[in-house]
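Take a look at the structure set out below.
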Amino acid sequence: MIDKILLNGKDISSDIKKDLQGKISNLYKNNIIPCLATILVGNDASSETYVRMKGKACEKIGIKSKKIHLPENITTRDLTDLIGKLNNDSNVHGILLQHPVPSHIDERITFDTINIEKDVDGVTSWGYGRTALNLDAYPSCTPAGIMKILDTYNIKVEGKHAAVVGRSPILGKPVSNLLLNKNATVTICHSYTENIDKILKQADIIIAAVGKPKFIKGEWLKTGAIVIDAGYNKGNVGDVDFESCDGIVKAITPVPGGVGPVTIAMLLKHTVEAAEKQSLNLFNR
Ligand code: NAP
């Protein structure tokens, strides 16, 4: 029987924020106020909460939060025009269009309108591609946060079998690329995958990104596995059945307090880096 270690995302998040303080002060000294523009379309309650949380986190550490809330019926054209204006606004360093947008809007076109230097959440095709190729880009914040957790706890990735459950463009796919770039052997599972339990049984590291509460059961996992639960479902429940992992896994992220806080901290970090790089013209494309 092994005791599972809790991978504490709150602590990692506060360390990242502490590290950012000096950088933000330096930017201020040079008359640069790092600024993240968030765009929310429509009135989805969860999206409103996410955007509010991100704005608050920015303001708490001295990043300006420019909140833009647009009506549900805005057109793709009007949205891309607005993003174009933000691209050209030198006082805005990061742009975050909250996913999902209403279905009549072409989300891919709107994402891809974001200038890569301001794409702090890795949503553009170009940013995603560059992340996959291990080139300079801001990876999507949740995948970046997951890698940060593994790194902080000195969890060896190289040579390990990582199984990612989920293949969304903002989470499953980019985290798979990041793991591959760190020399893991990666299996990506999705809704068509057969015998997920048998695949997970062989994995040293499991990334849960399914969007289904308590989907992954402890009995599917190998003894001593490391579990990163990126899931966030109603009632503060992850994608992993946390209790059933007792005595099986070596370490696991709690929900809440695991991946969530590190994701937000990575957004702040990317925004500060974007402000630094834009002021010094350092983005390497
Ligand atoms: P998503 O776009 O809905 O993608 C879910 C993925 O899970 C899809 O690739 C889907 O496969 C796969 N899937 C669905 N049912 C499955 C099944 N029965 N077996 C295997 N795979 C299955 O979700 P997402 O945006 O990636 O988010 C995933 C989770 O992470 C959600 O709980 C979300 O709330 C959470 N999240 C957390 C944060 C954070 O900051 N902590 C940030 C973003 C998301 P197909 O591709 O075949 O449909």
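Does Glu72 satisfy being over 29 Å from Asn281 (Cα atoms), touching a strand residue (DSSP E or B) at 6+ places or on another chain (Cβ under 9 Å) and without any contact (Cβ under 8 Å) to a residue 12 or more places away in the chain?
no
Please go through (1) modelled with pLDDT of 95 or more; (2) near the ligand (Cβ under 8 Å from one of its atoms); (3) under 19 Å from the mean Cα position of the chain (by Cα); (4) open to solvent by 10 Å² or more (accessible area, probe 1.4 Å) for Val237 and return the number of the only condition it doesn't satisfy.
(2)
Mind listing just one residue for me: the one in the stretch 253-271 that is in a helix (DSSP H, G or I) and open to solvent by 40 Å² or more (accessible area, probe 1.4 Å) and, of those, nearest to the ligand (Cβ to nearest atom)?
Of the stretch 253-271, the ones in a helix (DSSP H, G or I) are 259-271.
Those still in the list that are open to solvent by 40 Å² or more (accessible area, probe 1.4 Å) too: 260, 269.
Numbers: Gly260: 4, Lys269: 14 Å.
Per the stated criteria, the residue is Gly260.
Is there a residue being over 21 Å from Tyr28 (Cβ atoms), free of Cβ contacts under 8 Å to residues at least 40 places away in the same chain, small (Gly, Ala, Ser) and surrounded by fewer than 21 Cβ atoms within 10 Å (Cβ to Cβ) anywhere in the stretch 75-97?
Checked the stretch 75-97: at least one residue is over 21 Å from Tyr28 (Cβ atoms), free of Cβ contacts under 8 Å to residues at least 40 places away in the same chain, small (Gly, Ala, Ser) and surrounded by fewer than 21 Cβ atoms within 10 Å (Cβ to Cβ).
Filter the stretch 1-54 down to the residues that are among the hydroxyl-bearing types (Ser, Thr, Tyr) and at pLDDT below 95, then identify the one that is most open to solvent (accessible area, probe 1.4 Å).
Tyr50
Return the residue satisfying two criteria in turn: it lies in the stretch 207-230 and is free of Cβ contacts under 8 Å to residues at least 40 places away in the same chain and open to solvent by less than 20 Å² (accessible area, probe 1.4 Å), and of such residues it is nearest to the ligand (Cβ to nearest atom).
Across the stretch 207-230, the extreme among qualifying residues is Asp229.
Out of all the residues in the stretch 240-252, is one or more surrounded by fewer than 22 Cβ atoms within 10 Å (Cβ to Cβ), closer than 20 Å to Ile12 by Cα and not assigned by TED's automatic domain parsing to the domain that holds Val51?
Within the stretch 240-252, one or more residues are surrounded by fewer than 22 Cβ atoms within 10 Å (Cβ to Cβ), closer than 20 Å to Ile12 by Cα and not assigned by TED's automatic domain parsing to the domain that holds Val51.
How many residues are open to solvent by 30 Å² or more (accessible area, probe 1.4 Å) and within 13 Å of the ligand (Cβ to nearest atom) if we restrict to the stretch 143-159?
Number of matching residues: 1.
Inspect all residues belonging to the stretch 112-125 and state whether any of them is open to solvent by less than 40 Å² (accessible area, probe 1.4 Å), out of contact with any strand residue (DSSP E or B) (no Cβ under 9 Å at 6 or more places or on another chain) and assigned to a loop (DSSP other than H, G, I, E, B).
yes
Can you tell me which residue is most open to solvent (accessible area, probe 1.4 Å) among those in the stretch 161-190 that are more than 9 Å from the ligand (Cβ to nearest atom) and assigned to a helix (DSSP H, G or I)?
Step one: list which residues in the stretch 161-190 are more than 9 Å from the ligand (Cβ to nearest atom), which gives 161-164, 174-187.
Checking the rest, the ones that are also assigned to a helix (DSSP H, G or I) come to 174-181.
Values: Pro174: 5, Val175: 0, Ser176: 5, Asn177: 31, Leu178: 27, Leu179: 0, Leu180: 98, Asn181: 47 Å².
Per the criteria, the residue is Leu180.
The values are calculated or read from the model by the stated rules, or taken from the named source; none is laboratory data. No experiment lies behind these values; they were computed from the predicted model shown. Every residue, glycine as well, gets a Cβ built from its backbone with ideal geometry; the counts of neighbours run over all protein chains shown. The protein model used for the area step is the full one, side chains on, heavy atoms only, and it has no ligands, DNA or RNA in it. Shrake-Rupley method; radii C 1.70, N 1.55, O 1.52, S 1.80 Å.
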